[in-house]
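In what follows, a structure is listed as structure tokens, so that the remarks can point back to it.
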Amino acid sequence: MTKVSMTVNGKAVSGDVEGRTLLVQFLREGLGLTGTHVGCDTSQCGACVVHVNGESVKACTIFALGCEGAEVRTIEGMANADGSLGVIQAAFQEHHGLQCGFCTPGMVMSAADLLSRNQNPTERDVREWLEGNICRCTGYHNIVKSIMAAAATLRGEQVAAE
Amino acid sequence: MPKDHGIGASSKRREDVRFLTGKGQYTDDINRPGQAFCYFLRSNVAHGTITSLDVSAARDAKGVVGVFTSKDLEGLGGIPCGWEVTDKDGAPMKEPKHPILAEGKVRHVGDPIVAIIADSLAAGRDAAELVELEIDELPAVVDMREAIKGGTVLHDVAPDNICYDWEFVAENKAAVDEAIRNAHHVTTLELVNNRLVPNAMEPRAAVGEYDAGRDEYTLWTTSQNPHVIRLLMGAFVLSIPEHKLRVVAPDVGGGFGSKIYHYAEEAFITWVSKRVGRPVKWNADRSEAFMSDAHGRDHVTKVELAMDQEGNFLALRSSTLANMGAYLSTFAPCIPTWLHGTLLAGNYKTPLIFTNVKAVFTNTVPVDAYRGAGRPEATYQLERTIDKAAREMGIDPVELRRRNFVKPDQYPYQTPVAVIYDTGNYDATLDKALELADVRGFAERKADSAARGKLRGLGIANYIEACGIAPSSLVGALGARAGLYEAATVRVNPTGNVSVFTGSHSHGQGHETTFAQVVADMLGCEEANVDIVHGDTSRIPFGMGTYGSRSLAVGGSAIVKSVEKIITKAKKIAAHLLEASEADITFANGQFTVAGTDKAIDWGSVALTAYVPHKYPIDDVEPGLEETSFYDPANFTYPAGTYVCEVEVDPDTGVVEVQSFVAADDFGNVVNPMIVEGQVHGGLAQGIGQAILEGCSYDENGQLLSASYMDYAMPRAADLPMFVVDHSCNTPCTHNPLGVKGCGEAGAIGSPPAIVNAVIDALSAHGVTHIDMPLTPRRVWEAIRAARN
Amino acid sequence: MYAFDYARPASLAEAIEAMKDEDAKALAGGQTLIPTLKQRLASPTTLVDLNGIAEIKGICLKDGMVAIGAGTRHAEVADSADVQRLIPALAHLAAHIGDPQVRNRGTLGGSLANNDPSACYPAAVLGLGATVHTSAGRAIAADDYFQGMFETALGEGELITSVDFPVPEKAAYMKFVQPASRFALTGVFVAKFLGAVRVAVTGASESGVFRWPEAEKALSANFSAGALDGVALGADGMIGDLHGTPEYRAHLAGVMARRAVTAAG
Ligand SMILES: Cc1cc2nc3c(=O)[nH]c(=O)nc-3n(C[C@H](O)[C@H](O)[C@H](O)COP(=O)(O)OP(=O)(O)OC[C@H]3O[C@@H](n4cnc5c(N)ncnc54)[C@H](O)[C@@H]3O)c2cc1C
Ligand code: FES
Ligand code: FES
């Protein structure tokens, strides 16, 4: 066991892990942050997406020890300070961008990375960005709408719900 | 003006808040103190005899709590099948035992052989490598056409690998044969309905715990129907009485059918938690899911459609081989029979129909219901065959369909395949879809595609499905070993807020919101004052669960019945408080009023009085305000609709791109349009996935080739267009109180034939008449090449 | 995953030292190695994490070539203004490897060391005639580096440190995506240099990435899609699997090559 320390959602945390402990295991089992999910074992589904030092990565495909000293952000850290839903989260609720909710944390984290790089994505941009996020429930239609709407809100525009 | 709350409003989903903040509680998120982990060692060969199995080294390995094989499970039952289909000659289907862990023989890749309980999953996996296992490999049989020749036999009880040989409607056989013999034209099509892997994004999981002090078991499991699991597992497998067994299906990350069934793993986890005296968790990884979740579809069918000169359908004959896989999954036998044969009339008035279905055992994962279940197979063969017929007869495919529609004045319509459609209007959805798809502008778009070297095609498909499953007496007569009603308790708490306990289960469908809308509408209260509780056998009276688009039609109706009883009782209390006759009390907008007076009392006061019965009609009614109902539907519901899509094919590579997709559905009344549209979107993605991307494939040795997302193509965002969905042409269901029909499966049923018809339309100029799904680039390119040569 | 020790050297020298253990394995982006470890298909005793080594990261211009450190992530190559300006085809290729999360982690060195027959980078390295520099001080020409599926010229414990890419007059990469994995079912990199054209094909052959001399010859004479009419690859030695027969892959190589030439302009 080796000690690992990092910042998760703004809080300094540490724990003992094995070399083979993945970041997602450290988050879920070590820190009890079960919002980050595991949907595959081939690094393809994106249910596990979190941010490490501001970039979206698959928490199932990075070791906890590789995140020593890193800033990690998970779905649990996406709400506003007062606990209300952040802009992307609120857009997902408003536009029905989730059904079973299993892919959702990864979708939100992935979308947040996109919107930090591209304030004005086209529908194509959004769809291509979601290459690594699989959803079986929504057919993506409302996920795409949610992300486009969140982008508009972040740009200061008003959008209708339907 | 759209409504802003209650029935008809697109209320935002309350469950979203927990899912969006990482506070959902899925089975794998549940951890019990002292919990151990289970790892299943599974067969890596498709068929073989276990010649030696030594687990002693594994038992001694570090961190191992226990190692179990079928020898340790003596006395336990096998995994039961919930539906018995009768052979054409009256014999019951062949029903081989489905052991929890392999007994002497393995029959598919993924068949569990050894279960290891350890302090950590890693320790369990490490120990699995110490198991000394020898399997004498037998030839495997994967192709159904080979399997029915016998030779390689999976189960001694079925020497020709045939589970049943079913005919429906047997009395029509001679007449159908004759009509086909004498018809002006017969269109024949042989097709494959490809095997699919459901792939709910949450893999299956189970946590078992035994409380020795109370002699009680709890199982948390990824299920669409926890009561069904309690019943099947308690009564047939583990012999645990219901009152000692609690089954909880917490937040569940999608099901699509695959989480209906009772699986060996959850039974084992429950049993072993007592045996090792510790809570035990099992969580499938995706690779395990591919080889152990029940698969869907997998039919090989030949269809013949007889027509007169005008294209009027005279008779339909179809014969199908339906794959059961290696064992019978819970509802497997009824899918290719009662959920398939009864839908072969489709939206049409074909007077004579006969089908023969042989269910076949093969060395593959068991096959059972997957979104649509039987109805997509029926729709696909009909709508593909009609398209081919239209081409052969030189009749416009829209016109041919319209000519044969059941017309609005023909309801209730008795089909020749047992079911009676209560209501519908197929012309309306057809017109709507054609309008929304701007079919008039197609020629121009086709020319534009051609200018870019692409072939554009237009595809259309109608569908009808039987949902709201199902009248118990009817399904009982057809072989179901359970009733298919639903239960609900509505509890009005003393301060007037409401807890609803439903036997339906939400794993994405949004019941917590939709059901609250219904109750709030009836009681004239805020939706926020209504809580929906589901998924726990210790809290809910009973339930048959969620599948077959039944939740609102059956589960919702049970809730309505309970609310009606509540209102009746509350009126009695109000009458007493208002000193009026019960007959004079009206209830609206949360107020009880005495007709013709200004005397009124609000809902909260009546609720409180029910629990503080100081001034109370105690001789007439009991205190408290809680009612339970069981609703058993009078008929199926029959959602129907028309789907129109356009595709572009790249003739150089075979790539199919879906350019547009329009769905016009008749779901009867709609409670939450936003959620209904979301259900359609999801179904469409799965249906389009089936049509162009997804195919589960085995090699001839029974090795699963599409064993992960590296080879099983899941639809991604970039594969799909924005959808146009409409549900304005609705004919309310005539026999349930909400007039609803169900919307969960439609998208997956109507879209595969629409897509394939569009691709064939695009390629027809090249002489291509059919391609089996999935229409992958390779297959499309090969078809073009073959037609050219 | 089997258990292993985890080392995180801060310099190349330390990494070379750590790699002397014959059961040690380098970890770069982990986007190939970690899924492999999960399947228990590899059992290193020590993982040597290269992510802390600044020397093997980054992009610079050197003798008219674009030098990219082995530890440079796909996303950095895709976003690099220098790469976009000098070899836009390479930036485009990097921008279409896997998905954004894979690109945020995966590295050039990892991709080349792995030499997956369906990977994208090998087509660029071979198509551009790049040079692979290693920790053993070797400079390996692309034509010598790729030795068949998953096989390379790297020795035991030898690490890739950087790759020098010559700047072509024009170039393009066309990837035909395998619908499930989204790797290249067949991908073709075409590069036109003064006096020579190189064409590299990935995803198609059982011997991994390869050059297509007939296409190179035709395009050297006339750099236009039409020049490839009548130039066809044989199906012999092509990969056959669920997603494509050898014939289909051979055919796709032709289509992708034509499209690459058109895209190169
Ligand atoms: C979902 C998904 C989709 C993908 N799609 C594509 C795609 O479309 N196209 C494509 O080309 N690739 C694709 N990849 C693979 C991806 O590009 C990987 O990043 C790459 O193949 C390996 O790079 P890595 O840095 O992640 O290496 P690692 O996984 O860390 O290592 C891979 C191998 O290289 C060795 N290694 C690493 N660095 C060095 C070095 N400097 N010197 C010597 N050996 C080294 C390791 O020991 C290991 O054997 C995909 C991967 C995933 C998970
Ligand atoms: S769990 Fe599927 S990509 Fe990480
Ligand atoms: S909402 Fe269920 S997988 Fe996306």
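Rounded to the nearest 20 debye, the dipole magnitude of region C:5-48 is 280 debye, with +1 charges on Lys and Arg beta carbons, -1 on Asp and Glu beta carbons, and the Cα centre as origin. Averaged over peptide B:579-591, the number of partner chain Cβ atoms lying within 10 Å of each residue's Cβ comes to 0.
Cα-based radius of gyration for region B:396-524, normalised by 2.2 N^0.38 Å, reads 1.63. For the protein assembly as shown, the share of DSSP beta bridges that are antiparallel, to the nearest 5, is 80%. Chain A against chain B buries an accessible area of about 4200 Å², both chains summed, 1.4 Å probe radius. Going from the chain on its own to the full set of protein chains, region B:664-695 has these residues losing 50 Å² or more of accessible surface (heavy atoms, 1.4 Å probe, no ligands, DNA or RNA): B:Met674, B:His681. Once you divide the Cα radius of gyration of region A:2-78 by 2.2 N^0.38 Å, the number left is 0.96.
Dipole size of region A:1-158 about its Cα centre, with +1 on Lys/Arg Cβ and -1 on Asp/Glu Cβ: approximately 120 debye, rounded to the nearest 20. Pairwise Cα distances in region A:87-154 exceed 20 Å for 12 percent of all pairs.
Each Cα pair under 8 Å and six or more residues apart adds its sequence gap; the mean of these over the residue count of chain B is a relative contact order of 16 percent. Buried area at the B:C interface is about 1800 square angstrom, summed over both chains, from accessible surfaces computed with a 1.4 angstrom probe. Around the Cα centre of region B:80-187, unit charges on the Cβ atoms of Lys, Arg, Asp and Glu (plus for the first two, minus for the last two) sum to a dipole of about 360 debye. Toward the positive end of the charge dipole of region B:683-754, with +1 on the Cβ of Lys and Arg and -1 on the Cβ of Asp and Glu, the farthest Cα among B:Thr734, B:Ala717, B:Ile749 is that of B:Thr734. With 29 Å as the limit, the listed pairs B:Lys94/B:Lys259; B:Lys259/B:Lys349; B:Lys432/B:Lys741; B:Lys3/B:Lys561; B:Lys97/B:Lys259; B:Lys565/B:Lys741 have B:Lys259/B:Lys349 beyond it between alpha carbons. Averaged over the residues of peptide A:59-72, the number of Cβ atoms from other protein chains lying within 10 Å of each residue's Cβ is 4. Of C:Tyr145, C:Tyr121, C:Tyr248, the residue with the greatest mean-square motion in the GNM of chain C, using alpha carbon springs below 10 Å, is C:Tyr248. Shape annotation for region B:485-631: C-alpha extents along the principal axes are 47, 26, 23 Å, from largest to smallest. Pairs from the table (C:Lys170/C:Lys217; A:Lys11/C:Lys57; C:Lys25/C:Lys62; B:Lys571/B:Lys599) lying more than 19 angstrom apart at Cα are A:Lys11/C:Lys57; C:Lys25/C:Lys62. Interface residues of region B:749-788, defined as those losing at least 10 Å² of solvent-accessible heavy-atom surface relative to the isolated chain (probe radius 1.4 Å), are listed as B:Pro777, B:Arg778, B:Trp781, B:Glu782, B:Arg785.
Only protein atoms count toward the accessible area here, which uses a 1.4 Å probe; on region C:107-233, the carbon and sulfur part of that area reaches 50 percent. Between B:His766 and B:Arg18, residue separation times 0.36 nm minus the direct Cα-Cα distance comes to 264.0 nm. Counting protein heavy atoms only, region A:87-154 has 50 percent of its accessible area on carbon and sulfur, 1.4 angstrom probe. Looking at the protein assembly as shown, the accessible area is 34 square angstrom per residue; that uses a 1.4 Å probe and ignores ligands, DNA and RNA.
Within the shell of other residues whose beta carbon sits under 9 angstrom from the beta carbon of A:Gly35, the net charge comes to 0, with Lys and Arg scored +1 and Asp and Glu -1. Peptide C:177-189 has a mean of 5 when you count, residue by residue, the C-beta atoms of other protein chains within 10 Å of its C-beta. Net charge of the neighbourhood of B:Glu626, taken over other residues with C-beta under 15 Å away and scored Lys/Arg +1, Asp/Glu -1, is +2. Among complete DSSP H helices in chain A, none has alpha-carbon atoms stretching at least 27 Å along the helix's long axis together with a mean Kyte-Doolittle hydropathy reaching 1.6. Volume per residue of the convex hull around the Cα atoms, evaluated for the protein assembly as shown, comes out as 184 Å³.
When the charge dipole of region B:87-164 is built from unit charges on Cβ atoms (+1 for Lys and Arg, -1 for Asp and Glu) and taken about the Cα centre, the candidate among B:Val131, B:Met144, B:Ile100 whose Cα reaches farthest toward its positive end is B:Met144.
Note on B:Asp54 and C:Thr245: their simple-model spin labels are 4.8 nm apart, each label 7 Å out from Cα toward Cβ. Highest mean packing comes first when the peptides B:365-374, B:64-73, B:437-446, B:688-697 are listed by Cβ atoms within 10 Å, giving B:365-374, B:688-697, B:64-73, B:437-446. Heavy atoms of chains C and A lose about 2100 Å² of accessible surface on contact, summed over both sides with a 1.4 Å probe. Ordering C:Gln39, C:Gly29, C:Pro9 by the projection of their Cα atoms onto the charge dipole of region C:5-48, which places +1 on the Cβ of Lys and Arg and -1 on the Cβ of Asp and Glu, puts C:Gln39 at the extreme positive end. Ordering of C:17-24, B:190-197, A:101-108, B:210-217 by packing is A:101-108, B:190-197, C:17-24, B:210-217, highest average first (other Cβ atoms within 10 Å, averaged per residue).
Comparing the full protein assembly with the isolated chain, the residues of region B:22-54 losing at least 40 square angstrom of accessible surface (1.4 Å probe) are B:Gly22, B:Tyr26, B:Asp29. Using a probe radius of 1.4 angstrom, the carbon and sulfur fraction of the accessible surface of region A:2-78 is 43%.
The values are calculated or read from the model by the stated rules, or taken from the named source; none is laboratory data. On a predicted model such as this, the values are computed, not experimentally measured, just so you know. Cβ atoms come from the backbone with ideal geometry, glycine included; neighbour counts cover every protein chain shown. The accessibility values were calculated without ligands, DNA or RNA, using every heavy atom of the protein model including side chains. Shrake-Rupley method; radii C 1.70, N 1.55, O 1.52, S 1.80 Å.
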